[in-house]
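Structure, as structure tokens:
The values are calculated or read from the model by the stated rules, or taken from the named source; none is laboratory data. Values in this document were obtained by computation on a predicted structure and should not be read as measured data. All Cβ positions, glycine included, derive from the backbone under ideal geometry; neighbour counts span all protein chains shown.
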Amino acid sequence: MKKLFAALTLLFALCQCAPAVPTVNEIENKYRACVPSAWGEAITGVLRRVPVAEKIVFLTFDACGGARGSGADTRIIELLRREKIPATLFINSRWIDANPKLFADLARDPLFSIQNHGFTHHPLSVTGRSVYGIAGTASPREVYEEIMGCDAKIAALTGKHPRFFRSGTAYYDDVAVKIASDLGYTIAGFDVLGDRGATYSADEIETAAQNIRPGSIVIYHMNQPKKATYNGLRRVIPRLKEQGWSFARMEEYL
Ligand SMILES: [Zn+2]
């Protein structure tokens with residue numbers, strides 16, 4: 001009887017830990033007729049801050065991939081390691097393909113949390129809505145593929161499924177946000193635009209960091225070594241430490 005109880009408890013625990021992820025057909029059937037009513041970077045369901053009251057900040061770094069986005073600013077990685085700054089890395093499937101050794105190195109380092117930045121780096125939409133001239137995914141099936149294509153690649157390489165998703169451009173419609181939730185994902189927005197797609201100067205990066213509040217999610221890029229993100233961070237990180245801020249990965253608090 002005791003053994004049966006233990007087995008049932010284990011079975012229950014396993015069921016709790018691993019809810020079944022819907023198939024692409026289930027997602028299509030459920031959302032086929034849904035018409036989006038919201039669009040943006042900060043719509044309902046997009047997490048913009050981590051709910052903590054202490055002076056904890058969550059630095060995030062996107063690695064976007066593609067023809068102009070598959071670089072790697074290893075100075076940023078070295079800075080984070082030297083200063084012992086935990087960070088959440090949003091990595092696109094194409095960037096992994098272009099940087100397999102560096103990806104494996106990052107995934108092995110407990111300082112970093114590897115999260116999902118999509119398969120093809122498009123805005124997440126069920127209607128193909130575009131932003132900055134970049135067309136979004138155009139159906140529930142494409143939303144599924146954008147999320148789960150990268151999920152499968154990361155899980156195969158690391159043995160661990162990501163829990164947070166950020167799309168290319170960080171734009172979403174509300175139906176796509178619901179699909180992500182069904183797939184077990186929280187959409188990771190941001191409340192501080194740290195480097196504006198790696199276009200800020202070091203001075204602008206310093207100014208942007210003044211907007212950091214407890215629980216802020218700050219978005220930077222680690223894939224543009226010719227841009228100023230590293231030079232800005234080299235000033236921002238010591239300043240934040242002096243001001244008594246601590247740093248954490250999103251998964252530690254969510
Ligand atoms: Zn990106």
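Say whether the condition of being acidic (Asp, Glu) and touching a residue at least 40 places away in the same chain (Cβ under 8 Å) is met by at least one residue in segment 149-161. Before you say what the answer is, go through the steps one by one.
We begin by selecting, within segment 149-161, every residue acidic (Asp, Glu); these are 151.
Cutting the leftovers down to touching a residue at least 40 places away in the same chain (Cβ under 8 Å) gives us none.
No, segment 149-161 contains no residue that is acidic (Asp, Glu) and touching a residue at least 40 places away in the same chain (Cβ under 8 Å).
Among what's in segment 129-150 and is within 16 Å of the ligand (Cβ to nearest atom) and surrounded by fewer than 23 Cβ atoms within 10 Å (Cβ to Cβ), pick the residue that is farthest from Ala42 (Cα to Cα). Full working, then the answer.
Restricting attention to segment 129-150, the residues satisfying the condition of being within 16 Å of the ligand (Cβ to nearest atom) are 130-137, 146-147, 149-150.
Adding the requirement that they be surrounded by fewer than 23 Cβ atoms within 10 Å (Cβ to Cβ) leaves 130-135, 149.
Numbers: Ser130: 16, Val131: 14, Tyr132: 16, Gly133: 19, Ile134: 18, Ala135: 19, Gly149: 24 Å.
Going through the qualifying residues, I end up with Gly149.
For segment 41-75, which positions are in a loop (DSSP other than H, G, I, E, B), in contact with a Leu (Cβ under 8 Å, 6 or more places away or on another chain) and surrounded by 19 or more Cβ atoms within 10 Å (Cβ to Cβ)?
Step one: filter segment 41-75 for residues in a loop (DSSP other than H, G, I, E, B), giving 41-45, 48, 50-55, 64-73.
Then drop every residue that is not in contact with a Leu (Cβ under 8 Å, 6 or more places away or on another chain), which leaves 50, 72.
Across segment 41-75, the qualifying residue is only Val50.
Name the residues in segment 151-175 that are in a helix (DSSP H, G or I), within 16 Å of the ligand (Cβ to nearest atom) and within 18 Å of Ser130 (Cα to Cα), would you?
Across segment 151-175, the qualifying residues are Gly168, Thr169, Ala170.
Hey, can you tell me all the residues within segment 192-216 that are touching a strand residue (DSSP E or B) at 6+ places or on another chain (Cβ under 6 Å), under 10 Å from Thr229 (Cβ atoms) and either modelled with pLDDT under 95 or of a type outside the set (D, E, K, R) (or both)?
Gly194, Ala198
Only one of these is among the basic types (Lys, Arg), over 14 Å from Met222 (Cβ atoms) and either within 15 Å of the ligand (Cβ to nearest atom) or out of contact with any helix residue (DSSP H, G or I) (no Cβ under 9 Å at 6 or more places or on another chain) (or both): Arg82, Arg108. Name it.
Numbers: Arg108 fails: either within 15 Å of the ligand (Cβ to nearest atom) or out of contact with any helix residue (DSSP H, G or I) (no Cβ under 9 Å at 6 or more places or on another chain) (or both).
That would be Arg82, the only listed residue that is among the basic types (Lys, Arg), over 14 Å from Met222 (Cβ atoms) and either within 15 Å of the ligand (Cβ to nearest atom) or out of contact with any helix residue (DSSP H, G or I) (no Cβ under 9 Å at 6 or more places or on another chain) (or both).
If you scan segment 196-232, which residues turn out to be among the polar types (S, T, N, Q), surrounded by fewer than 22 Cβ atoms within 10 Å (Cβ to Cβ) and either within 16 Å of the ligand (Cβ to nearest atom) or in a helix (DSSP H, G or I) (or both)?
Within segment 196-232, Thr199, Thr207, Asn231 meet the criteria.
Please work out if Lys55 is away from the ligand (no atom under 16 Å from the Cβ), modelled with pLDDT of 95 or more and on the phi > 0 side of the Ramachandran plot. Before the answer, list the steps.
On the way: away from the ligand (no atom under 16 Å from the Cβ): yes; modelled with pLDDT of 95 or more: yes; on the phi > 0 side of the Ramachandran plot: no.
No; evaluated as a whole, the condition is false for this residue.
Can Ile217 be described as farther than 25 Å from Ala53 by Cα, of a type in the set (A, V, I, L, M, F, W, C) and under 20 Å from the mean Cα position of the chain (by Cα)? Spell out how you get there, then give the answer.
Details: farther than 25 Å from Ala53 by Cα: no; of a type in the set (A, V, I, L, M, F, W, C): yes; under 20 Å from the mean Cα position of the chain (by Cα): yes.
Spelling it out, it is not the case that Ile217 is farther than 25 Å from Ala53 by Cα, of a type in the set (A, V, I, L, M, F, W, C) and under 20 Å from the mean Cα position of the chain (by Cα).
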